[in-house]
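This report refers to the structure that appears directly beneath it.
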Amino acid sequence: MLEAILNFLFPPRCPGCGSYVKHNGQWCEECLNKILRVRKLPLDDKMGSVFDGGVLCFCDYEDPVKKLIADAKFEKKKNAVKKLQFFVDRGFEKLDLHDIDIVVPVPLHKNKIKQRGFNQSILFFEDAMKNSDLEIWEVLRRVHETRPQFGLKFAERKKNIKGAFAVADKKHRQLVRGKTVLLVDDIFTTGATFAECGKVLREAGASRIFGLVIASNHK
Ligand SMILES: [Zn+2]
C-alpha cells in the first residue's frame with residue numbers, strides 16, 4: 001500500500017536513462033542491454049592461478065552503477081540497494097553457476113559492519129541467491145581492521161590488506177575443503193582484496209575458485 005502511494009508520488013525511474021519503469025528498482029531493458037555485460041577480467045599469472053575459474057564482472061565501474069554503489073554503501077540509500085539488487089538479479093541470469101558449491105562474500109571487519117549496518121557483498125547478492133540453489137557462506141572473516149584502500153597505490157594496498165583475512169573457524173575450514181567457491185564483492189579495482197581472500201580460501205583447501213563482482217575498472 002505504502003509502496004503504491006510512493007510510486008504514485010515518485011514514479012520509479014530507470015537509473016540508466018531516467019525513463020519511467022513499472023517497479024521500484026527496475027531498469028529499462030535498453031539500459032540493461034547496454035550496461036550489463038558479463039565479462040571475464042584479465043588476470044596476471046599469479047591471480048589466474050588462484051582464481052582458476054576466472055573473475056567475472058557485470059559492468060564497468062562507472063555511472064550509474066558507480067554512483068549507486070556509493071549511495072548504497074555510504075549514504076545507505078535503500079532505493080540504490082534495490083536498483084543494484086535488480087541489476088545483480090539480471091546479471092545472475094546470464095551466468096552458468098552449475099559448478100559452484102558455495103558463495104563466499106568478502107568480509108568486513110565487525111566494527112565496519114556496526115558502523116555501516118551491513119556487508120555490501122552480502123546485501124547486493126543475497127536477493128539473487130534466493131532464486132538459485134546457492135547459499136552464501138560466511139567462510140572468511142576480517143581479522144584486523146585496515147585503512148580504507150581508496151587512494152592507496154597498488155603496493156600500499158597489498159601491504160595494507162596482507163594478513164587481513166582468515167577462515168572464520170574450524171567448522172568453516174572443514175566446509176570449504178574440496179569445494180568450488182564463488183567469491184563475491186561489489187567492486188574489483190587493483191584486485192588486492194581478492195588476491196588475499198583467494199589465497200586464504202586456497203590454503204583452506206578450496207578446490208576451485210571463481211570470482212564475481214558487480215563492477216570493475218579493468219578493461
Ligand atoms: Zn534506461
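Descriptive notes on the structure:
- The stretch 168-219, residues that are under 13 Å from residue 55 (Cβ atoms) and hydroxyl-bearing (Ser, Thr, Tyr): 189, 190, 193, 216
- Where strands (runs of 3 or more DSSP E) fall wholly inside the stretch 52-150, the ranges with 1 or more residues that are within 12 Å of the chain's Cα centre (by Cα) are 54-60, 102-105.
- On inspection, residue 15 does not qualify as outside any strand (DSSP E or B), within 16 Å of the ligand (Cβ to nearest atom) and either touching a strand residue (DSSP E or B) at 6+ places or on another chain (Cβ under 6 Å) or β-branched (Val, Ile, Thr) (or both).
- All of 93, 3 fail the test of being over 17 Å from residue 128 (Cβ atoms), away from the ligand (no atom under 15 Å from the Cβ), at pLDDT below 95 and surrounded by fewer than 18 Cβ atoms within 10 Å (Cβ to Cβ), apart from 3.
- Residues in the stretch 129-146 that are surrounded by 12 or more Cβ atoms within 10 Å (Cβ to Cβ) and modelled with pLDDT under 90: 129, 132, 143, 146.
- Given (1) at pLDDT below 95; (2) within 16 Å of the ligand (Cβ to nearest atom); (3) not hydrophobic (A, V, I, L, M, F, W, C), index of the condition residue 62 fails: (1)
- Index of the failed condition, residue 39 passing every other in (1) closer than 12 Å to residue 83 by Cβ; (2) more than 16 Å from the ligand (Cβ to nearest atom): (1)
The values are calculated or read from the model by the stated rules, or taken from the named source; none is laboratory data. These figures come from a predicted structure and were not determined experimentally. So basically every Cβ, Gly included, is an ideal-geometry build from the backbone, and we count neighbours across all protein chains shown.
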